[in-house]
Amino acid sequence: MSRLVILSNRVADLRKTSQSGGLAVGLADALRQRGGVWFGWDGETLRTQPREATVEQIGNVRMISAAMTVEDYMDYYVGYANSVLWPLFHYRLDLVDFKASYFDAYQRVNAHFAGLVAPYLEEKDLIWVHDYHFIPMANALRRLGSRQRMGFFLHIPFPPPDLLAASPNHRFLVECLLDYDVLGFQTTTDTINFRHYLEEWGIGEVVDDRTIRFNGRTITLDRYPIGIDVDAFSQMASEVPEDVRIDASRRAQLGRRQIIGVDRLDYSKGLPDRFQAFGRLLAQHPELEKQVTFLQIAPPTREDVNAYGDIRAELEGLTGSINGRFSDFNWTPLRYIHRPVPRETLAALFRVSHVGLVTPLRDGMNLVAKEFIAAQDEEDPGVLVLSQFAGAAEDLEEALIVNPYDTDTMAEAIHRALTMPLTERLARHGALLARIAQQDTHAWLAAFLADLEVEGAGAGPRRPQ
Ligand code: ADP
């Protein structure tokens, strides 16, 4: 089995992965099994460019991390990654803030990081690059002479050709993606968007749904829907901490049901639309007065990007107006928590909730949807209300699928979820649980690595750079 080299924006702490999400655990397991390297940004910014990375050997895995300059942080991370690629790939052209200096920094940082990791690569390694921060990484490594097989997995959506073409660098981005040997997306829609782009712009040759020829090379393209470790999450959810249990039993005494939403505070998550739908539900169903509460947990994220300040202000305004209109001295319909919550608490809160709202305007996969399903009590499960624009909706068809732009219908779907009979809840939950168990973290890792690791992996013919 070849060694594995993972490059991702951040590296997880290998000694503490049980506290991280399933993805970090899964990747850490794969690394421990094969041995190898995990490289990423250490989260630090410095005044001057560090020449070397920090290297730490943990068992058979070498963890390598590096800082970046304040300028690179602003132009590459805040700039190109999170003010250009993130909104562009989430279909939000209105929020794209393109600057040539951002694009320069994107190439510069990828080239610099490639230079830092290159000395640690071995000829037979499999290199797996993650996400939009590092699209040009294969190109940068190939320029340094790397001939290993390289795979790329995009955790976020891939936009339709016309949207992508609004970026001045669209051709560069796509050609960089074609520098990999295996290209992984979350959904069928993403793979179709990518193939359509190639056809519309006459780049390479689409041989079949999984195969592209480009400059004499063959590239495998597929969807590899990411999942969670279902058993681990379910186990965590069943250990309900005392404060959560007390809160839930108080609500039960009052006959009050809980709706829950858990998201980073990101404009892609459709939070204002969700809040409005909850307000509409209360307005249209006065019988729900004091019968239901909506708990939204949305910790801050990327606060250096302007658009995130705007969404925060919008949500605070909506929270105030909904509670101002409907609250009573003994009922606060909407509780909004703007800080991170430990995973164990989140899992337990999912379990004691009756409805989970996962209603992004666009999302690569959305693991929260899968976590909500895994956390439920199998004998009395809650109902998932899921946006048609979450990657997860491609498979989780037994959820109540909604259009997040359609406030009235979303309000009705929440009402339906709140009043769904047990038999229907059991049938839907059973089917959803089977789906997330089939497409869990292990299946995702195995499928991607199987395509990356083919006979004779290692040096193959490369186009001259
Ligand atoms: P994204 O990657 O865009 O944030 P996902 O739904 O795919 O969206 O993954 C989010 C992950 O972050 C999930 O594992 C979820 O449990 C975790 N998470 C979300 N909100 C919080 C929070 N308030 N506190 C702690 N973890 C959170």
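The values are calculated or read from the model by the stated rules, or taken from the named source; none is laboratory data. Not measured: the values here are computed from a predicted model. Neighbour counts run over all protein chains shown; Cβ positions are idealised from the backbone, glycine included.
Can you run down the residue pairs with Cβ atoms below 7 Å, 6 or more apart or on separate chains, where the first is in the range 314-327 and free of Cβ contacts under 8 Å to residues at least 40 places away in the same chain and the partner is hydrophobic (A, V, I, L, M, F, W, C) and not in a helix (DSSP H, G or I)?
Close Cβ pairs (under 7 Å, with a partner that is hydrophobic (A, V, I, L, M, F, W, C) and not in a helix (DSSP H, G or I)) amount to Asn323/Leu334.
Identify all residues within the range 211-244 that are buried (at least 16 other Cβ atoms within 10 Å of the Cβ) and assigned to a loop (DSSP other than H, G, I, E, B); write none if there are none.
Scanning the range 211-244 gives Tyr224, Pro225, Ile226, Gly227, Ile228, Asp229, Val240.
Could you check the range 33-55 and list, in sequence order, the residues that are in a loop (DSSP other than H, G, I, E, B) and more than 22 Å from Asp131 (Cβ to Cβ)?
Those that are in a loop (DSSP other than H, G, I, E, B) and more than 22 Å from Asp131 (Cβ to Cβ): Gly35, Arg47, Thr48, Gln49, Pro50, Arg51, Glu52.
Quickly run through the range 293-308 and pick out the residues that are surrounded by 14 or more Cβ atoms within 10 Å (Cβ to Cβ), more than 10 Å from the ligand (Cβ to nearest atom) and not in a loop (DSSP other than H, G, I, E, B).
Passing the criteria: Thr293, Phe294, Leu295, Ala307, Tyr308.
Go through the residues of the range 198-209 one by one and say whether even a single one is out of contact with any helix residue (DSSP H, G or I) (no Cβ under 8 Å at 6 or more places or on another chain) and assigned to a helix (DSSP H, G or I).
Checked the range 198-209: at least one residue is out of contact with any helix residue (DSSP H, G or I) (no Cβ under 8 Å at 6 or more places or on another chain) and assigned to a helix (DSSP H, G or I).
Condition test on Arg312, is it farther than 17 Å from Arg251 by Cα and either within 16 Å of the ligand (Cβ to nearest atom) or within 19 Å of the chain's Cα centre (by Cα) (or both)?
yes
Just checking, does the range 182-191 include any residue being of a type in the set (Gly, Ala, Ser), in contact with a Gly (Cβ under 7 Å, 6 or more places away or on another chain) and outside any helix (DSSP H, G or I)?
The answer is yes; a qualifying residue exists.
Which condition breaks for Pro342 when tested against (1) modelled with pLDDT under 95; (2) of a type outside the set (Gly, Ala, Ser); (3) farther than 22 Å from Ala237 by Cβ?
(3)
Looking only at the range 35-69, which residues are charged (D, E, K, R) and free of Cβ contacts under 8 Å to residues at least 60 places away in the same chain?
Within the range 35-69, Asp42, Glu44, Arg47, Arg51, Glu56, Arg62 meet the criteria.
What tally of residues in the range 337-377 results from selecting those that are among the acidic types (Asp, Glu) and either closer than 20 Å to Arg250 by Cβ or more than 8 Å from the ligand (Cβ to nearest atom) (or both)?
Residues meeting the conditions: 2.
Going by the conditions given, is Asp94 more than 25 Å from Gly391 (Cα to Cα) and more than 19 Å from the chain's Cα centre (by Cα)?
It is false that Asp94 is more than 25 Å from Gly391 (Cα to Cα) and more than 19 Å from the chain's Cα centre (by Cα).
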